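Asks: There's a structure below that I have some questions on.
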Amino acid sequence: MSPKAWPSLPTALALALAMSGCVSMAPRYRTPEPPVPKAWPEGPAYKGATAPGQSAADLPWQAFFADERLRKVLDLALRNNRDLRIAALNTEKARAYYRIQRAELLPTVNAVGYGTRQRLPASVSGTGQRIVAEQYAANAGISAWELDFFGRVRSLKNRALEQYLATEQARNSAQVSLLAEVANVYLALAADRESLKLAQETLANQEAAYRIVRRQYEVGVVSEIDSYRAQVSVETARGDMARYTRTVAMDQNALQLLVGSSVPAEWLPDALGSVTALTDVAPDLPSEVLARRPDILMAESQLKAANANIGAARAAFFPRISLTTNLGTMDRQLSGLFQSGSDAWTFSPQVVLPIFDTGARRANLKAANADRDIALAQYEKAIQVAFREVADALAQRGTLDDQLAAQESLTQALEGTYRLAQARYTAGIDGYLGVLDAQRSTYAAQQGLIALRQARYGNLVSLYKVLGGGWDRPGRPAPAPAPAKAPAAPGS
């Protein structure tokens, strides 16, 4: 074909753009069937677990955590936690990689200007004389742009997009986990402070009782063993006070690490009773919950990315067509570079057809299929783990209220037993051993009651998390309180 018969450069570019990306070798994606039952478990453990309440996935975290001080701490954590910051930066990096890969679909136009001046000896000049040759050019063109006839570049673009979406869901999942973890540490701090206060009150009461028993022993009213038994109660309470003092300090350290900055003292709870009750939530159907959890959405995006990668591996078996073009001016003199008649252009398509590659492309396709199967197994495992987490939370919800009611009755009964044991000891009917046993049982029941109340709060937090709540969806209003800022550090 003569150069005159070639299409014009604009026509060739328009034709290439129209024909590129017309075919995709990626398998058609279909959402896998969830490998879990269509309903939550039933049985004695789940009695009352599906009580009416708001949908967790539709409830913003600002509305679920009703306590104003806790909301301030959570808001501070969302702005300062380093793990969440890293997750957000990973999302930004994945978005940039996606934009880079998407740009491969379009040609890159570069402008180039150059000039050469060289001395040629007579033996190679072609004229039989020594000459100095000059050449100047200015052009704009496309260099090695791949025409995506078989969808290889488009498949890579789709893979990058799904990888970006996966990192975005990973960031959402990190936010959900952070909110739950901060709330649980906050509640643990409240419970441990309440336990510390109980240990302090118990120590004061036991010290007062010990002084009375000690005086009675000194005047011969009671035996020496009663004095030692009273001292045992004092030292036990003192040891518990030291233990809870340490635990409270460690809770504050853990909370500060999660929040990423110091937490003002006025935002910290004094006891569990001072924390406003959390909003109750109700479980949706498994299919709805599993479609809203960010960790499952992340696993599905990774599955889609692996599926798109198969398309790129399949397209590698077909010819790869690239195009290089230039349009500009050229002349022997710099002054004539932009004069009439100096225009020049090149049109240089290239086809690379794989013939022999020692099976590398087949191995790459097998690896891509294996990656897709791995991603499918990981997606199904994520669904199964999510189902188990919800089922466990519902089982706790169905039994904790009964356990808490029983513990409250037990505590009241033991407190009555303790009062009667003290009265019988004061009247000289029983020895101090009965008082000591009743006091130990009452103290243990009171500590157990605090632990169960904390578990009830923790179960609500866990249920909200595993049901898909705690992350902001596009288009959903999230009523937030006024931004809470911690006091600036000295010298900042």
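The values are calculated or read from the model by the stated rules, or taken from the named source; none is laboratory data. A quick note: this is a predicted structure, and the numbers were derived from the prediction, not measured. Backbone-built Cβ (ideal geometry, glycine too); neighbour counts: all protein chains shown. Accessible surface areas use protein heavy atoms only, side chains included; no ligands, DNA or RNA. Shrake-Rupley method; radii C 1.70, N 1.55, O 1.52, S 1.80 Å.
Asks: Out of the residues in the range 417-434 meeting the condition of being of a type in the set (D, E, K, R) and within 16 Å of V221 (Cα to Cα), tell me which one is least open to solvent (accessible area, probe 1.4 Å).
Replies: Taking the range 417-434 and keeping what is of a type in the set (D, E, K, R), we get 419, 424, 430.
When the remaining residues are screened for being within 16 Å of V221 (Cα to Cα), the result is 424, 430.
Details: R424: 104, D430: 68 Å².
The qualifying residue least open to solvent (accessible area, probe 1.4 Å) is D430.
Asks: Exactly one of these conditions fails for V221: (1) open to solvent by 60 Å² or more (accessible area, probe 1.4 Å); (2) in a helix (DSSP H, G or I); (3) farther than 29 Å from A183 by Cα; (4) of a type in the set (V, I, T). Give me its number.
Replies: The failed condition is (2).
Asks: Related question: Taking into account only those residues within the range 1-28 that are part of a loop (DSSP other than H, G, I, E, B) and surrounded by 15 or more Cβ atoms within 10 Å (Cβ to Cβ), which is modelled with the highest pLDDT?
Replies: The first filter runs over the range 1-28 and keeps only residues part of a loop (DSSP other than H, G, I, E, B), leaving 1-2, 6-8, 20-28.
This time we only want the ones that are surrounded by 15 or more Cβ atoms within 10 Å (Cβ to Cβ), so: 20-21, 23-26.
Working: S20: 51, G21: 50, V23: 67, S24: 74, M25: 79, A26: 85.
My answer is A26.
Asks: Something else: Please go through the range 280-335 and pick out each residue that is small (G, A, S) and open to solvent by 40 Å² or more (accessible area, probe 1.4 Å).
Replies: S287, A291, S335
Asks: Does the range 60-83 contain at least one residue that is farther than 30 Å from G273 by Cβ and modelled with pLDDT of 85 or more? Let's see the steps before the verdict.
Replies: From the range 60-83, those farther than 30 Å from G273 by Cβ are 82-83; that's our starting set.
Then keep just the ones that are modelled with pLDDT of 85 or more; that gives 82-83.
Yes: one or more hits.
Asks: For a quick check of your reading of the model, give me the residue pairs whose first member lies in the range 396-410 and is closer than 23 Å to Y464 by Cβ, whose second is at pLDDT below 95 and not in a helix (DSSP H, G or I), with beta-carbon atoms closer than 7 Å and at least 6 apart or on different chains.
Replies: Short answer, once both residue conditions are applied: R397/A49; G398/K47; G398/G48; G398/A49.
Asks: Filter the range 348-379 down to residues that are under 35 Å from the mean Cα position of the chain (by Cα) and among the charged types (D, E, K, R) and give me whichever is most open to solvent (accessible area, probe 1.4 Å).
Replies: We begin by selecting, within the range 348-379, every residue under 35 Å from the mean Cα position of the chain (by Cα); these are 363-379.
Now restrict to residues that are among the charged types (D, E, K, R): 366, 371-373.
Details: K366: 152, D371: 79, R372: 61, D373: 83 Å².
If we take residues in the range 348-379 being under 35 Å from the mean Cα position of the chain (by Cα) and among the charged types (D, E, K, R), then K366 is most open to solvent (accessible area, probe 1.4 Å).
Asks: If you go through the range 86-104 one residue at a time, do you hit one that is in a loop (DSSP other than H, G, I, E, B) and either surrounded by fewer than 16 Cβ atoms within 10 Å (Cβ to Cβ) or not charged (D, E, K, R) (or both)?
Replies: Restricting attention to the range 86-104, the residues satisfying the condition of being in a loop (DSSP other than H, G, I, E, B) are 104.
Among the residues that remain, those that are also either surrounded by fewer than 16 Cβ atoms within 10 Å (Cβ to Cβ) or not charged (D, E, K, R) (or both) are: none.
Within the range 86-104 (the criterion being in a loop (DSSP other than H, G, I, E, B) and either surrounded by fewer than 16 Cβ atoms within 10 Å (Cβ to Cβ) or not charged (D, E, K, R) (or both)), the answer is no, since none of the residues qualifies.
Asks: Continuing with the same structure: Any idea how many residues of the range 141-186 are of a type in the set (D, E, K, R), out of contact with any strand residue (DSSP E or B) (no Cβ under 8 Å at 6 or more places or on another chain) and open to solvent by 40 Å² or more (accessible area, probe 1.4 Å)? Break it down into steps so the answer makes sense when it comes.
Replies: The initial filter retains those residues of the range 141-186 that are of a type in the set (D, E, K, R), namely 146, 148, 152, 154, 157, 159, 162, 168, 171, 181.
With the extra rule that they be out of contact with any strand residue (DSSP E or B) (no Cβ under 8 Å at 6 or more places or on another chain), the set shrinks to 148, 154, 157, 159, 162, 168, 171, 181.
Applying the additional criterion that residues be open to solvent by 40 Å² or more (accessible area, probe 1.4 Å) yields 154, 159, 168, 171, 181.
Number satisfying all stated conditions: 5.
Matching residues to (1) modelled with pLDDT under 90; (2) surrounded by 22 or more Cβ atoms within 10 Å (Cβ to Cβ); (3) under 26 Å from A49 (Cβ atoms):
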residue	(1), (2), (3)
Q454	no, no, yes
Y464	no, yes, yes
G469	yes, yes, yes
R473	yes, no, yes
P477	yes, no, no
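Asks: With free of Cβ contacts under 8 Å to residues at least 12 places away in the same chain and in a helix (DSSP H, G or I) as the only criterion, which of S123, S177, S173 stands out?
Replies: Details: S177 fails: free of Cβ contacts under 8 Å to residues at least 12 places away in the same chain; S173 fails: free of Cβ contacts under 8 Å to residues at least 12 places away in the same chain.
Just a single option satisfies the conditions, and that option is S123.
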